[in-house]
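Presented below is the structure to which this report refers.
The values are calculated or read from the model by the stated rules, or taken from the named source; none is laboratory data. Only a predicted model underlies this, so the values are computations on that prediction, with no experimental measurement involved. Note that we place each Cβ from the backbone using ideal geometry, even for glycine, and neighbour counts take in every protein chain shown. When the accessible area is computed, the model is the full protein with side chains, heavy atoms only, and any ligands, DNA or RNA have been set aside. Shrake-Rupley method; radii C 1.70, N 1.55, O 1.52, S 1.80 Å.
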Protein chains: 2
Amino acid sequence: MQPSDVRYPGGDEKGQVTTMRELPHPATEDIRLSAVMHALSDEVRLELVRRLSNDWEGNCTLLSEDIEIHKSTLSHHYRVLRESGVTRTRVDGRDRHIRINREALDERFPGLLDAVLKSLDD
Amino acid sequence: MQPSDVRYPGGDEKGQVTTMRELPHPATEDIRLSAVMHALSDEVRLELVRRLSNDWEGNCTLLSEDIEIHKSTLSHHYRVLRESGVTRTRVDGRDRHIRINREALDERFPGLLDAVLKSLDD
DNA sequence: TTGATGGTTGGGTGACCATCAAACTAAGTG
DNA sequence: CACTTAGTTTGATGGTCACCCAACCATCAA
């Protein structure tokens, strides 16, 4: 149940274990529409996705700036987004870098992500 | 809270009040993305929407054929779909005729419905 | 090593949700 | 009229969810 500790290749050429890795995500074919819909049915998570929409860069704290919600609750939202397949999370030292999982979503549900992001543009 | 009793025109040319009417639905501009997503985050409701996708015609009982769920639960799902703006419900005597609220959805969230229906086609 | 920073985890709480059963309304039928 | 049919409503139940708090873990800096 706890995050796997698998190190992804890259940056360990001298045999050192890097802290750069990805948290576990569902395989593309395992992404379920109902789970994606559920992840996108919460206003806070929708706002996070909106902020991520224009190739945003930064860590979780920056991403959730001005959202007055406890950090543990935000951590929960990040997990829902990640486990549903909506986002991908890369660990970089202390930071988590989150981005929209466009490749998988576009493959699995063509047009859905674009329609959602367009609806969030208002 | 109870269904409005507004009679729609049609079939009352002799002055008789018809039972043909629509249940209350949200105005197009009041349809919220989070509510639509929530309505579509349940497998049973997704199946109902899938069945409605090809201009399906019939009453609720026919629509939910082979779905082994209590009729009161189905009634609940119909309400969630209707109140979120995903479907429109017309009352015809004892029957309810449900259809996808394409006009409103396409106006409010262009491309979203098509992407969802396409994803359900598998 | 001490302290600060970024984030996760576990516990607890109130709200909501999907489900069923039973009672109910309303409309068609014999 | 009584009976059936279509669907809603209400109440109960077990489960999930969003949220906060406190403790914790890991990383980075002095």
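A few points about this structure:
- Reciprocal mean inverse distance between Cα atoms of segment B:21-120 - Kirkwood radius, Å: 13.6
- Estimated at the nearest 10 Å², the accessible area of A:HIS76 is 80 Å² with a 1.4 Å probe.
- Accessible surface of B:ILE69, taken over heavy atoms with a 1.4 Å probe and every protein chain present, rounds to 60 Å².
- Residue-wise HN-Hα coupling along segment A:99-110, computed from phi with Karplus coefficients 6.51, -1.76, 1.60 (Hz; x: Gly, Pro): 9, 6, 7, 4, 3, 5, 5, 5, 6, 7, 10, x
- Threshold 40 Å² - residues in segment A:28-54 whose accessible area is reduced by that much or more when the chain is no longer isolated, probe 1.4 Å: A:LEU33, A:SER34, A:MET37, A:SER41, A:GLU43
- Sparse-neighbour loop sites [GluC sites (Glu not before Pro); segment A:60-114; at most 14 other C-beta within 10 Å; DSSP]: A:GLU65, A:GLU68
- Those trypsin sites (Lys or Arg not before Pro) in segment A:69-112 that DSSP places in a loop and that have at most 12 other beta carbons within 10 Å: A:ARG94
- With every protein chain in place, segment B:21-120: carbon and sulfur % of accessible area (1.4 Å): 44
- Summed over both chains, the contact between A and B buries some 1500 Å² of accessible surface at a probe radius of 1.4 Å.
- For residues of A:105-113, the mean tally of beta carbons on other chains within 10 Å: 3
- Over segment A:18-77, accessible surface divided per residue gives 55 Å², non-protein components excluded, 1.4 Å probe.
- Distance from segment A:16-74 to segment B:49-122 (C-alpha centre basis), Å: 30
- Across the copies of the chain, A:ASP66 has label points (7 Å from Cα along Cα→Cβ) spaced 5.1 nm apart, shortest distance listed first.
- The H on the amide N of B:ARG32, modeled in the peptide plane, is under 5 Å from the matching H of no residue at least 5 residues off or on a different chain.
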